[in-house]
Each structure stands twice: as C-alpha cells, then as structure tokens.
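The values are calculated or read from the model by the stated rules, or taken from the named source; none is laboratory data. Everything quoted here is computed from the prediction, not taken from an experiment. Positions of Cβ are generated from backbone atoms using ideal geometry, with glycine treated the same way; all protein chains shown enter the neighbour counts.
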C-alpha cells in the first residue's frame, strides 16, 4: 500500500511482520521483563503450547501419539486493544493485524511502522540479540472483481494470470507464484489467486531480508521491505482500483 494515502476501504486483509533469530535458550527468563515493558500497548496476554504429533505405522498396531515434551513449542501471545497480535517464540517475534490502516501515514498509533518500532525495539533492548537471521513483511490483499470479463478485469489489474489463453469467465481456479532474488540481500515471494466464488483476486506479497548482522538497522530494513511490497502491489493494481479504495461504498 502507498505510504502517502490512507484509504477508507483498503484491500489489505492481513499484514504480518516477523524477525527470526538464533534460538534463545534464556528467552523464558526475559519474558516477564518484556511483558512489563509492552503491557500498556499489549495488555492481553496468554501462553500457548503447540505440540507436534507423529503418526506411527498403523499396520503394526501403533497409533497417533504426541512428541515428547522437548518437541513442544511455547508461544507467548500478546494482543493490543486494536487487535494487533504479537507472538514471541524462542526463535522469532511476529506481529500481525487484520485491521490495517497504514504503514507510516495517518494517526501515529495506527501506523504499523510505529508498532514495529515499539515491539521490536523493546525486544532488542531486553534480549540484546546480536544477529537477526531474517526480517520479513507480508501483505495479503483481497481485491474485488466486478466482472468475469477479461476487459473488466484488466481494467483493474495487470495480472500475471494467463487470462489471454484461458478467459476469466471459463476459469474455476487459477493461481500463480514466483520467488525472486533481489539486489542487496532482499528477496520476494509474489502470489496471485483468482477465487471466482468470492469474486476476488488474492494478492500475497512477501518481502524479506537476511541475515542482518546489526539488528539496530531493523527499522530501515522494514521500510525498504515496505517499499518493495508497495511497488509490487501497484504494479498489479491499476489506477481505477484506487476509486474502490477511496470510497466507503467500495465503488470503482
């Protein structure tokens, strides 16, 4: 999405930011301090234990069983009043929202960049992680399809789907994806999916970088990731889609 305009009817359905780092054996000892530092912004908290399962050979009379306790992953989950979810594991911190307003425009407390700055900056202050393995920013957009005619669809989108060969009104399912290595250590995963029953085009754009030897640069990396994802979105979405996004009634 553009950083210059806050749309009243954005197509973003989910935004996810994540940092991954070498597994911290002392993470549990730091959780209490981190929780206290973020509690005003993320007042709701819970601990989730996610266990892996193994399926044994049923021909030998064995049954579905759980992994040993060492195979369990503990997730500390914190939620803001606005619904932003922060999940912390021994090797990752993830921020996700289904109520996205903007990356760095509009009201300060609604800017996703500000949430990243606060949550990740506080985490680095508490843990002193010396290296980040990966930083990623992902947007999932549900974009409207007003008509299944190729002409109407192409008016809104410069899609990668092969609709010239397979006309949209004949398609019952279509998806395309590409993974690209960009300059300076950046990468991109771009996916499109046409969902005829829901009359929408799903754009799944995930940009990432890593490793990062200086974790304090995380915010400038996040900004660049946003530039990449925004550019890819607007290379697909055409100017008429902005009319839909600017209108509270969703008219294009």
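Computed values, structure above
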{"item": "Count of region 108-146 residues which are in contact with a helix residue (DSSP H, G or I) (Cβ under 7 Å, 6 or more places away or on another chain), within 24 Å of residue 12 (Cα to Cα) and either without any contact (Cβ under 8 Å) to a residue 40 or more places away in the chain or in a loop (DSSP other than H, G, I, E, B) (or both)", "result": "4"}
{"item": "Residue within region 164-185 that is closer than 26 Å to residue 105 by Cα and touching a helix residue (DSSP H, G or I) at 6+ places or on another chain (Cβ under 8 Å) present", "result": "no"}
{"item": "For residue 166: the one exception among (1) part of a loop (DSSP other than H, G, I, E, B); (2) touching a strand residue (DSSP E or B) at 6+ places or on another chain (Cβ under 9 Å); (3) closer than 17 Å to residue 238 by Cβ", "result": "(3)"}
{"item": "Test: residue in region 206-214 that is farther than 30 Å from residue 20 by Cβ and in a strand (DSSP E or B)", "result": "no"}
{"item": "Check on residue 224, without any contact (Cβ under 8 Å) to a residue 12 or more places away in the chain and under 20 Å from residue 140 (Cα atoms)", "result": "no"}
{"item": "Failed criterion for residue 132 (all others in (1) buried (at least 18 other Cβ atoms within 10 Å of the Cβ); (2) over 25 Å from residue 193 (Cβ atoms); (3) within 17 Å of the chain's Cα centre (by Cα) hold)", "result": "(3)"}
{"item": "Some residue of region 205-213 being exposed (fewer than 15 other Cβ atoms within 10 Å of the Cβ) and closer than 30 Å to residue 89 by Cα", "result": "yes"}
{"item": "Hey, residue 182 under 21 Å from the mean Cα position of the chain (by Cα), modelled with pLDDT of 95 or more, surrounded by 14 or more Cβ atoms within 10 Å (Cβ to Cβ) and within 21 Å of residue 233 (Cβ to Cβ) or not", "result": "no"}
{"item": "Pair list, Cβ under 6 Å, 6 or more apart: region 188-215 residue at positive phi and modelled with pLDDT of 95 or more, other residue outside any strand (DSSP E or B) and surrounded by fewer than 20 Cβ atoms within 10 Å (Cβ to Cβ)", "result": "210/133"}
